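Notes follow the structure.
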Amino acid sequence: MKKLILAGAGAVVAFSSTPALADPTASEDLDISATVLPECSLADLSPVDFGNLAIDTASGPDALLLTGDRYDSGQQTWTSCNYAATITISGTPMENQDQVNDGPDAGDFTDELHYRITWRSDNANDFLQANLRTTDGSSVSRAQNGAFHNNAIVNTALTVSDNPLRPLSGTYTATATLTLGAI
């Protein structure tokens, strides 16, 4: 009889050492989110100075007219938006700071000089080119179809064809604005 009890005790020990059955598993979804605000940035541009403009100094029908086009060397500027945005150039003609065109031959002279600004991508696929000609208006915009990050090129020009009148002597100034923003 002693042998039976020992066998029974071993069975109890073996049964008590097996792990207990686990409860059913549980799970919960964890939502994760973040927000990136819309942002555009445009690097600083250097002033453009066309210096002394050449005029025809000989007497005759072309006297005092501009004789040559002027171009700046072009500037590169980082242009970036993390959403579809509009590129806008706005500006008015340069105005003479020293004289007003109100003399007896005012129809032959001008106290304004027109210029052109071209803002284009250094990669033709990145964004549409924007061209402002102050002879055509004071603002131009181009909507971009998506986000962009580009080292764009800004060129400024003063051409004889945009300035057919004789400029009055003096200093001419203007401020043009390049803007990135919502469509």
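The values are calculated or read from the model by the stated rules, or taken from the named source; none is laboratory data. Since we're looking at a predicted model, the values are computed, not measured. With ideal geometry, Cβ positions are generated from the backbone for all residues, glycine too; neighbour counts draw on all protein chains shown. Ligands, DNA and RNA are stripped out before the accessible areas are found, and what is left, the full protein with its side chains, is counted by its heavy atoms. Shrake-Rupley method; radii C 1.70, N 1.55, O 1.52, S 1.80 Å.
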In a shell of Cβ-Cβ distance under 12 Å around Val140, excluding Val140 itself, what net charge do Lys and Arg (+1) and Asp and Glu (-1) give? +2
So if R0 is 22 Å, what FRET efficiency would Thr171 and Gln76 give, r being the distance between their Cβ atoms, rounded to the nearest 0.05? 0.20
With a probe of 1.4 Å, find how much accessible area the chain has per residue, and write the answer as a whole number in Å². 67
Taking placed amide H atoms and a strict 5 Å upper bound, the residues 5 or more places from Ala84 or on another chain that come that close are Ala147
With the full set of protein chains in place, find how many percent of the accessible area of the stretch 40-182 is carbon and sulfur; take the probe as 1.4 Å. 46
Size of the dipole of the stretch 97-169 about the Cα centre, Lys and Arg at +1 and Asp and Glu at -1 on the beta carbon, nothing else charged, in debye to 20? 460
Would you mind working out the magnitude of the charge dipole of the stretch 25-79 relative to its Cα centre, with +1 at each Lys and Arg C-beta and -1 at each Asp and Glu C-beta, to the nearest 20 Debye? 360
Taking K and R as +1 and D and E as -1, what net charge do the other residues with C-beta under 14 Å from the C-beta of Arg70 add up to? -3
Assuming 0.36 nm per residue, please report the length gained on full extension of the stretch Arg142 to Leu53 beyond their Cα-Cα distance. 28.9 nm
Report the relative contact order of the stretch 25-82, percent, no decimals, based on alpha-carbon pairs under 8 angstrom and at least 6 residues apart. 42
Return the single residue from Ala106, Ala34, Ala130 with maximal mean-square fluctuation; model: Gaussian network over the chain, springs between Cα atoms under 10 Å. Ala34
Each label point is 7 Å from the Cα along the Cα-to-Cβ direction; what then is the distance between the points at Thr135 and Val100, in nm? 2.7
Size of the dipole of the stretch 40-182 about the Cα centre, Lys and Arg at +1 and Asp and Glu at -1 on the beta carbon, nothing else charged, in debye to 20? 640
